[in-house]
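J.: Pasting in a structure now, in structure tokens, and then I'll have a few things to ask.
FYI, it's all coordinate maths here, none of it is from the lab. What you see is a predicted model, and the numbers here were worked out from it, not measured in a lab. Virtual Cβ from ideal backbone geometry, glycine too; neighbours counted across all protein chains shown.
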Amino acid sequence: MEWEVVIGLETHTQLKTNTKIFSGASIKYGAEPNTQADEVSIALPGVLPVLNKQAVECAIKFGLAINAEIAPRSVFSRKNYFYPDLPKGYQISQFELPVVGKGAVTIQVPANGKNAAYEKVINITRAHLEEDAGKSLHGAVEGMSGIDLNRAGTPLLEIVTEPDMRSAAEAVAYAKKLHELVQWIDICDGNMQEGSFRCDVNVSVRPKGQEKFGTRREIKNLNSFKFMTQAIEYETRWQIETLEDGGTIQQATVLFNPDTGETRAMRSKEEANDYRYFPDPDLLPLEVTAADKARVQATMPELPQAMKTRFEADYGLSAYDAAALTASRDIADFFTATVNAGAEAKPVANWVMGAVSAKLNAEDRTIHDSPIAPAQLAQLLKRVADNTISNNAAKQVFEIMWISDKSSAESDVDAIIAAKGLKQESDSGAIEAIIDEVLVANQAMVEEFKAGKEKAFNALIGQAMKASKGKANPAQVNEILKKKLTAN
Amino acid sequence: MINSSLKKLSQMLASKEISSVELTQMFLNRIAQYNPVINAYIALDSDKTLAQASAADVRIANGTAEPLTGIPFAQKDIFCAKGWQTTCGSKMLADFIAPYDAHVITQFDTAGAVNLGKTNMDEFAMGSSNETSYFGGVKNPWDFDRVPGGSSGGSAAAVAARLCAAATGTDTGGSIRQPASLCGFTGLKPTYGLVSRYGMIAFASSLDQAGPMAKSAEDCALMMNVMTGFDERDSTSLNRPKEDYTRGLNNMQGEQPLKGLRIGLPKEYFADGLDANVAKVVQEAIAEYRKLGAETVNISLPNSQLSIPVYYVLAPAEASSNLSRYDGVRYGHRAAEYDDLMDMYMKSRAEGFGAEVKRRILIGTYVLSAGYYDAYYLKAQQIRRLIADDFTQAFKQCDVIMGPTAPSTAFKAGEKADDPVAMYLQDVYTIATNLAGLPGMSIPAGFSPSADGKSLPVGLQLMGNYFDEARMLDVAHAYQQVTDWHTRTPDLTAFEGNK
């Protein structure tokens, strides 16, 4: 039987606010335990929550970015359960009426083997504001469990999709797209190691063609795209094998173990809590007016899709290039800054996606901490454009710049060209003299060319470039050589 | 001096007739004398109290005194006060020292008032007799066999026995007004949102409201000036201009100061269940109001009879969640021995909470459970709206509503302790205003004889429209200009032999 996997994601994004969602305590990561736990975070008797407006703005921003309905009135509810890292005994979340309603995200699923790359629209069901819990620290205190409430009350936006994805590749493409989007609109730092972006993945399988969904299991807290791929693939295989062996799937929450590469049930549905949701009487309903939306809209950056279209139109870039350059805001910003510094768009695109990105990948760095600044790259490409140096020489200059301090004089493009003697020979008289020598010295090749061997032409160019120690302008060499050979 | 009004005390302090330290010491002496029997205070700290009094004397000397500077008040133990034991009447918080001040405490501190101590109360404000307190019951100063009412029973007894100049209370279903009625003084529950709940330990968040408990309407007005005001730390605090609640009091002079005032008399408040003697006192008070120029209008609050069932769904629902934080993890009572996390939760909460608190947590948990939420919680919210609508309709016909505060006078300790429903009926006339968020008040209106020959105070309840506290205080003040019920004090000599 042929099976189809059905996947939906719930993503917790930690919002980039200054303070907690319901108090003035800092949310900075990595502080000493409980140094960021104020009276509200500890849930002392008598304390009350006050909603952080910045968190609401983040939610509105996200709603606008995915073209979603933003609720004029949404409600905070209490999700009641006991856990040591949940100081109030309930989590303040949004249940029936979330701030962000239905929207959509378009993903690019990369080519894989014989399957070509494709685009797909993933529907967003809702996104709601809620507070994070604290952390249990096991082993930090001798013979006991410690509780760190620094994270308690950190603002989260939980983004829920429809069960629209049909493969691990689609799920990961969506997660990556969302990861990029929340950073693009600057509502989340995207740091997955620190837990700023965590995904729960709902997976079910059904016979291909069947309409009814299978029973789903939820893989909790995946904090890397690699683990997400492994977890979904394992879970899918496990579910199919279970069904093919005549078993049934029980709805459950599962954890992925990166060491074994397996998923394992944490708790089954029967043991699930009754959270006794009810509207939090300490908080008024959240009202978002048209004016609020307009105010946030005014602070929105150009979104990737709009920027891609603009790159194609303004710079004559291919759809592929434009998509690659708008894959992240840092890349787009780097590209734009380089073009604005006076370089031509097409070569900038080639260099950013080529040499720059290869270097960054090799060194596992992001463009944000590229050792070469946009202005430097622009200067380099201007020197290629005005024929001062060849493309090959430009690569040498690039290598030198990459390892020098970008603020030092040694990193200046012109200084490097001068120091390394890379300036290209464009005096046609000098080039003609070199070619003449080459033609004399390589009579055999000239004969071969005349006999119809096209390859001999390239060999002669190679000889000429070698004779010029690589400094001759290749275009001029080509032109003069062609003239001389056909004239004879 | 113990019977002096706040205004009079303020004048005496200003004229240096007495210092705040002397005044405070006088109340501390009375507390030392009577509190061992009455049990009105849970926490006392004379060093802290006298330090505040000294600071007040400095303010008085350097001319920066405000109306309440130097006057000693009792604070209900539901308010967190920095450095003070703050128990909420529960074993759960018996050893809890609050590390911060409630808004109400800050307001009194800023005004230069002196904190005499923390008063006894029903555990987590759940009760109408003060008998659910972990720290023991409180004696009604009018008859020490009887309860002072609750939940603000300690504050009530302290005001009635003159163990403070005045006190604070909180009222979720009648906890200021019913004890005011049973102990014979003036208490006001303001419009919901007028006094910040920050630092006030939550029972039922959508109903809890703090207010003054004092010897007269005028004293309540002065306290309202200090207690009210916007606080951004409470999202339900109302951001409206500061009011002077004493502004109309001086107009309540002459023959018929209330001419034109329409008093609504809800028929449901004079029906079955009301003690005949209480009814008689209330009717006499209303007759007095007619003499003051007011006219009476018969009105109906048809859904008010649903107040108690609605309240006993909503208040426990909120309480069950509000009290989840008392889990023994971070502060409060933790069982000495336990097997695992679940065992720690269960033992700590089983030991830390009393029977009434457990009963309400169970009710609240039940009504919020999957499958019951719509039938109980949602339905109760819908009826709550109907109850509020009743008042909206009523206030088209009248300016203020009057009736009994409580169905009976103070009852004997133990009499209703094993019958929760009988106890809940104590609040039958007060709960509707909490559900509607409206202001309610109780003023002394006379006395009623008990079967054992005691004379016990009866309260008249005033209910006003939203933010109409100033008018209610005027209306109460007018009555207190022509009657002396509010000046009557219990004879405490009986306590002296009972120590």
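J.: According to the Kirkwood expression over distinct Cα-Cα pairs, how big is the hydrodynamic radius of segment A:428-487, in Å?
T.: 11.2 Å
J.: Any chance you could tell me what percent of the C-alpha pair distances in segment A:3-292 go past 35 Å?
T.: 19 percent
J.: Would you mind computing Rg(Cα) / (2.2 N^0.38 Å) for chain A, counting N as its residues?
T.: Working it through for chain A, the quotient is 1.29.
J.: Counting helices only, and only those DSSP H runs with n ≥ 4, report the 222 nm mean residue ellipticity of chain B as the sum of -39,500 (n - 2.57) divided by its residues, in deg cm²/dmol to the nearest 500.
T.: For chain B, the value works out to -11000 deg cm²/dmol.
J.: How would A:His138, B:His103, B:His333, A:His12 line up from fewest to most surrounding beta-carbon atoms within 10 angstrom?
T.: Final ranking by Cβ density, sparse to dense: A:His138, A:His12, B:His333, B:His103.
J.: Per 0.36 nm of contour for each residue apart, how much would the distance between A:Arg237 and A:Glu162 grow if the chain were fully extended, relative to their Cα-Cα spacing?
T.: 24.8 nm
J.: Averaged over peptide B:373-386, how many Cβ atoms belonging to another chain are found within 10 Å of each residue's Cβ?
T.: 1
J.: Order by neighbour count: B:Ile176, A:Ile27, B:Ile42, fewest other Cβ atoms within 10 Å first, most last.
T.: Result, fewest neighbours first: A:Ile27, B:Ile42, B:Ile176.
J.: What area, in nm² and to one decimal, does the C-alpha convex hull of segment A:114-248 cast on average over all directions?
T.: Across all orientations, segment A:114-248 yields a mean hull projection of 11.7 nm².
J.: Using 1/(1 + (r/R0)^6) with R0 = 56 angstrom and r between the beta carbons of A:Glu2 and B:Leu362, what's the FRET efficiency to the nearest 0.05?
T.: 0.60
J.: Using only alpha carbon positions, build the gyration tensor of the protein assembly as shown, then give the equivalent ellipsoid semi-axes as the square roots of 5 times its eigenvalues, largest first, whole angstrom.
T.: 77, 31, 25
J.: Mind listing which GluC sites (Glu not before Pro) in segment B:322-422 are in a DSSP loop and have 13 or fewer other Cβ atoms within 10 Å?
T.: For GluC sites (Glu not before Pro) across segment B:322-422 that sit outside H, G, I, E and B with at most 13 neighbouring Cβ atoms in 10 Å, the list reads B:Glu337.
J.: Residues of segment B:257-274 with amide nitrogen under 14 Å from the 7 Å Cα-to-Cβ point of B:Arg290?
T.: B:263-265
J.: Sorted by packing (mean other beta-carbon atoms within 10 Å per residue), highest first, where do B:113-124, B:151-162 land?
T.: Put in order of decreasing packing, that is B:151-162, B:113-124.
J.: Relative to the present Cα-Cα distance, how much length would full extension add between A:Glu399 and A:Glu96 at 0.36 nm per residue of separation?
T.: That works out to 103.4 nm of additional length.
J.: About the Cα centre of segment A:175-297, what is the dipole size in debye to 20, counting +1 per Lys and Arg Cβ and -1 per Asp and Glu Cβ, all else neutral?
T.: My answer is approximately 360 debye.
J.: Here's a follow-up. So, by mean Cβ neighbours within 10 angstrom, what's the order for B:216-229, B:474-487 with the highest one leading?
T.: Ranked by mean Cβ neighbours within 10 Å, highest first: B:216-229, B:474-487.
J.: Given all pairs of different Cα atoms, what value in angstroms does the Kirkwood hydrodynamic radius of segment A:323-449 take?
T.: Hydrodynamic radius (Kirkwood, Cα only) of segment A:323-449 equals 16.3 Å.
J.: To the nearest 0.05, how large is the calculated FRET efficiency for B:Met346 and B:Gln256 if R₀ is 51 Å and r is the Cβ-Cβ distance?
T.: Between B:Met346 and B:Gln256 the formula returns 0.20.
J.: I'd like the mean, over residues of B:65-72, of how many other protein chain beta carbons sit within 10 Å of each residue's own Cβ.
T.: That average works out to 0.
J.: Residue farthest toward the positive end of the dipole of segment A:3-292, with Cβ of Lys/Arg at +1 and Asp/Glu at -1: which of A:Met165, A:His179, A:Ile249?
T.: Of A:Met165, A:His179, A:Ile249, it is A:Met165.
J.: How would you rank A:Phe278, B:Phe467, going from fewest to most other Cβ atoms within 10 Å of each one's own Cβ?
T.: B:Phe467, A:Phe278
J.: What's the FRET efficiency of B:Thr110 with A:Ala337 using the Cβ-Cβ distance as r and R₀ = 60 Å, to the nearest 0.05?
T.: With a Förster radius of 60 Å, E is 0.65.
J.: Say the dipole of the protein assembly as shown comes from +1 at the beta carbon of Lys and Arg and -1 at that of Asp and Glu; which of A:Gly30, A:Gly462, B:Ser129 then lies farthest toward its positive end?
T.: Looking along the dipole axis, the top candidate is A:Gly462.
J.: What are the extents of the Cα atoms of segment A:246-356 along their three principal axes, in Å, largest first?
T.: Principal-axis extents of the Cα atoms in segment A:246-356, largest first: 64, 48, 25 Å.
J.: Give me a single rounded figure for A:278-286: the average over its residues of other chain Cβ atoms within 10 Å of their Cβ.
T.: Per residue, the average neighbour count from other chains is 5.
J.: Give A:Lys382/A:Lys466; A:Lys395/A:Lys466; A:Lys61/A:Lys135; B:Lys347/B:Lys416; B:Lys189/B:Lys242; A:Lys20/B:Lys91 a once-over and call out the pairs whose C-alpha atoms are over 23 Å from each other.
T.: Correct reply: A:Lys382/A:Lys466; A:Lys61/A:Lys135; B:Lys347/B:Lys416; A:Lys20/B:Lys91.
J.: Treating the beta-carbon of each Lys and Arg as +1 and of each Asp and Glu as -1, no other charges, what is the dipole magnitude of segment A:302-420 about its Cα centre, to the nearest 20 debye?
T.: 200 debye
J.: Is the C-alpha gyration tensor of segment B:415-499 telling us rounded, prolate or oblate? Criteria: a/c under 1.5 is rounded; beyond that, a/b larger than b/c is prolate, otherwise oblate.
T.: Verdict is oblate for segment B:415-499.
J.: List the equivalent ellipsoid semi-axes of segment B:323-458 in whole Å, largest first, each obtained as the square root of 5λ for an eigenvalue λ of the Cα gyration tensor.
T.: Over the Cα atoms of segment B:323-458, the ellipsoid semi-axes are 36, 25, 13 Å.
J.: While we're here: Would you mind getting the Kirkwood hydrodynamic radius of segment B:160-209 from its Cα pairs, rounded to one decimal in Å?
T.: Answer for segment B:160-209: a Kirkwood hydrodynamic radius of 11.7 Å.
J.: Does segment B:282-378 come out rounded, prolate or oblate, given a ≥ b ≥ c as the square roots of the eigenvalues of its C-alpha gyration tensor, rounded meaning a/c under 1.5 and, failing that, prolate meaning a/b above b/c?
T.: Cα axes put segment B:282-378 in the prolate bin.
J.: Taking the convex hull of the alpha carbon atoms in chain B, what volume per residue do you get, in Å³?
T.: Roughly 141 Å³ of hull volume per residue.
J.: Give me the dipole magnitude in Debye, nearest 20, for the protein assembly as shown about the Cα centre, with unit charges on the beta carbon: positive for Lys and Arg, negative for Asp and Glu.
T.: That gives a dipole near 980 debye.
J.: Full extension from A:Glu142 to A:Asp189: what is 0.36 nm times the residue separation minus their Cα-Cα distance, to one decimal in nm?
T.: Answer, rounded to one decimal: 13.5 nm.
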